[in-house]
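*Asks:* Could you have a look at this structure, given as structure tokens, before my questions?
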Amino acid sequence: LHTADLHLDSPFEYMNAAKAGIRRREQRELLDRLTDLVRVNEVDIVLISGDLLESSMIYAETEEQLIRSLRSMAVPVFIAPGNHDYYSDDCCYRRMRLPANVHVFTENRIECVELEEQGVCVYGAAFTDRVCAPLLENFRAERKRGMFNVLCIHGEVGVPQSKYNPITENELAFSGMDYAALGHIHSASGLRQAGDTWYSWPGCPEGRGFDELGEKFVNLVTIADTECQMRPVLLSRRKYEIVTVAVSDDDVLKTIENALPEDTKNDVYRIILRGETDAAPNVGALKAE
């Protein structure tokens, strides 16, 4: 299972305090669905490629839920801290009593953990600050008989000027990885290939604002000797959408209602009104509706 960019305990600043609290609770509930996905699909390892947390601060109930969910996964879990939850002396990862099945990468260089039972060498590294220099530059992993090489890392592919561990496709092809589990970009990439290395970033598993529109996913990845397959799985319960509505002097509210999909109860919409009317619409009344 490959996921990234959960940003647990996001502030949801554009909402009032009550609704922001509901959204943070829903973020915690997502962890239960991840745990169920691991169990039902008999997942071998879990890769979390950075920004699991929004910051170094975490609510007590979020910490409790996170530890409980990670323990319940009952398989090796690897966390590669990103630019939001970077590893430092005062970060949450140092303070939390994470279960024994969880490995957090702590160094700003690539390390390896061998899982002989699963036949996988898991490579990874941590952001140790808000920015990160290239980590894959001139890196190549050795090949061990009967073992797959998997990389878990936060970074940005194809953006040389990026401050967040810029990665090139040539570096991925040279890396000796069978699969590179990436994070940082909040829209899904789909399965890609550079040389013999397959890679992807899943995007965020649930939108948090109007820069993260539509349905969001996590990836179930299967690696074999000659191929790699990926199945995106929808886990989000809400989505964010932007709808532009053309208005005239007709009933503006009715026009909006006709423009919206039938079932909007669980989703969050930004409605943009465009057009001309003789009298200004009653914006306060529209917002109330």
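So that you can scan it fast, the table gives a plain yes or no per residue for (1) at pLDDT below 95; (2) open to solvent by 50 Å² or more (accessible area, probe 1.4 Å):
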| residue | (1), (2) |
| --- | --- |
| TYR14 | yes, yes |
| ASN41 | no, yes |
| SER56 | yes, yes |
| PRO99 | no, no |
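*Asks:* Looking only at residues that are touching a residue at least 24 places away in the same chain (Cβ under 8 Å) and among the charged types (D, E, K, R) in region 259-289, which one is farthest from ARG23 (Cα to Cα)?
*Replies:* ASP278
*Asks:* Could you list, in sequence order, the residues of region 216-241 that are farther than 20 Å from HIS7 by Cβ and either modelled with pLDDT of 95 or more or among the hydroxyl-bearing types (Ser, Thr, Tyr) (or both)?
*Replies:* LEU220, VAL221, THR222, ILE223, THR226, CYS228, GLN229, MET230, ARG231
*Asks:* Could you count how many residues in region 86-99 are under 20 Å from the mean Cα position of the chain (by Cα) and in contact (Cβ under 8 Å) with a residue 40 or more places away in the chain?
*Replies:* Result for region 86-99: 2.
*Asks:* Still on this structure, I have one more. Could you please let me know if TYR93 is out of contact with any Leu (no Cβ under 7 Å at 6 or more places or on another chain) and buried (at least 17 other Cβ atoms within 10 Å of the Cβ)?
*Replies:* yes
*Asks:* Just to verify a result, which residue in region 104-150, among those that are open to solvent by 20 Å² or more (accessible area, probe 1.4 Å) and of a type in the set (S, T, N, Q), is farthest from GLU227 (Cα to Cα)?
*Replies:* Ranking the candidates gives THR128 first.
*Asks:* While we're here: For region 235-247, which residues satisfy the criterion of being of a type in the set (Gly, Ala, Ser) and open to solvent by less than 50 Å² (accessible area, probe 1.4 Å)?
*Replies:* Result: SER236, single match.
*Asks:* Can you name the residue in region 209-258 that is touching a residue at least 40 places away in the same chain (Cβ under 8 Å) and not in a strand (DSSP E or B) and, of all such residues, is farthest from GLU276 (Cα to Cα)?
*Replies:* The residue in question is LEU235.
*Asks:* Quick check: anything in region 259-269 part of a loop (DSSP other than H, G, I, E, B), among the aromatic types (Phe, Trp, Tyr) and surrounded by 13 or more Cβ atoms within 10 Å (Cβ to Cβ)?
*Replies:* Among the residues of region 259-269, not one is part of a loop (DSSP other than H, G, I, E, B), among the aromatic types (Phe, Trp, Tyr) and surrounded by 13 or more Cβ atoms within 10 Å (Cβ to Cβ), which makes the answer no.
*Asks:* List every residue pair whose Cβ atoms lie under 7 Å apart, where the two residues are 6 or more positions apart in sequence or sit on different chains, the first residue falls within region 100-121 and is in contact (Cβ under 8 Å) with a residue 40 or more places away in the chain, and the second residue, located anywhere, is open to solvent by 40 Å² or more (accessible area, probe 1.4 Å) and in a strand (DSSP E or B).
*Replies:* Filtered contacts from region 100-121: PHE105/GLU111; VAL120/PHE148.
The values are calculated or read from the model by the stated rules, or taken from the named source; none is laboratory data. Remember, it's a predicted structure, so these values are computed and weren't measured experimentally. In this analysis, Cβ positions are derived from the backbone assuming ideal geometry, glycine residues included, and neighbour counts consider all displayed protein chains. Calculation scope for accessible area: heavy atoms of the full protein, side chains included, ligands and nucleic acids excluded. Shrake-Rupley method; radii C 1.70, N 1.55, O 1.52, S 1.80 Å.
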